[in-house]
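Here the structure comes first, spelled out in structure tokens, and everything after it is commentary.
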Amino acid sequence: MMRKHIVLLLHIFLCVLFVLLVIWNASRFFDGRPLQPGNDASYHIRTGYNLYKHQTHSLDKEAPFKPTAYREPAPSAFVALIIASSGKLRNIDVDAILAGGDGLEILRYAQLLICILSAFLAMYFVYLLTKNMIYGYIALFLVGFSNSLLFSAWSINTEHPAALFAICASISLYKAVIHHINKQFQIFLSKFRFNCSKINYRFLNFFFLVIRRHDYNKFFK
């Protein structure tokens, strides 16, 4: 019983240490600089702001706010969610957010939540395949400290939700195969995961590094 408690405490310590290291490492890129107008992040923030304030996915700066499909909706929905949950952001104009300062820093740190969640889901996914916690922790740190995710956390990009969706689709596909769920659903998950991975494929290095060849053979027998 004592050994189980020690192991549990060790897991908690490693997970807390991981979260703190990710925040510290990413914060080195967060220097309060404004976003360049016309880049992806400025589009996502403006559409997210309009989605929250005017219930429209729009790039317009003034009424009437016309819907647009120019950028992907997932990052905008995330921005709208963070604005809705932050009293400070709700009282800041979108142009002030884009100009840098506290408003933009809140969004940048909030985006780290996606990175951290993706890393823990990658850990869970690898453990499902290998039943090996060491491999799980390797996946956790590889994804959590992926340059592709950490560096782009300075901005607001599609890469973060794409990474999260790809890992979630991978876990769902694994469950679907194991439990013999409808093959059409498996095909849908495979295509969805593939398309998400095309947006941000670099974070997937954890998968190929930590899964041994005989684990593949055992899984697909």
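The values are calculated or read from the model by the stated rules, or taken from the named source; none is laboratory data. Small disclaimer: the values here were computed from a predicted structure and weren't measured. Cβ placement follows ideal geometry from the backbone for every residue including glycine, while neighbour counts extend to all protein chains displayed.
If you go through region 74-86 and keep only what is modelled with pLDDT of 80 or more and of a type outside the set (Val, Ile, Thr), you end up with Pro75, Ser76, Ala77, Phe78, Ala80, Leu81, Ala84, Ser85, Ser86.
In summary, Asn147 fulfils each of the numbered conditions (1) touching a residue at least 40 places away in the same chain (Cβ under 8 Å); (2) surrounded by 14 or more Cβ atoms within 10 Å (Cβ to Cβ); (3) within 28 Å of Ile12 (Cα to Cα); (4) not acidic (Asp, Glu) with the single exception of condition (2). Out of Ile171, Ile211, Ile199, one residue alone is closer than 30 Å to Tyr43 by Cα, surrounded by fewer than 21 Cβ atoms within 10 Å (Cβ to Cβ) and either out of contact with any Pro (no Cβ under 8 Å at 6 or more places or on another chain) or modelled with pLDDT under 75 (or both). It is Ile199. Residues that are in a helix (DSSP H, G or I) and modelled with pLDDT of 85 or more do not occur anywhere in region 58-72.
Yes/no per residue for (1) within 21 Å of the chain's Cα centre (by Cα); (2) touching a residue at least 60 places away in the same chain (Cβ under 8 Å); (3) surrounded by 19 or more Cβ atoms within 10 Å (Cβ to Cβ); (4) not assigned by TED's automatic domain parsing to the domain that holds Ser155:
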site	(1), (2), (3), (4)
Leu10	no, no, no, no
Phe13	no, no, no, no
Ile23	yes, yes, no, no
His54	no, no, no, yes
Pro67	no, no, no, yes
Ala77	yes, no, no, yes
Ser85	yes, no, no, yes
Ala96	no, no, no, yes
Ala119	yes, yes, yes, no
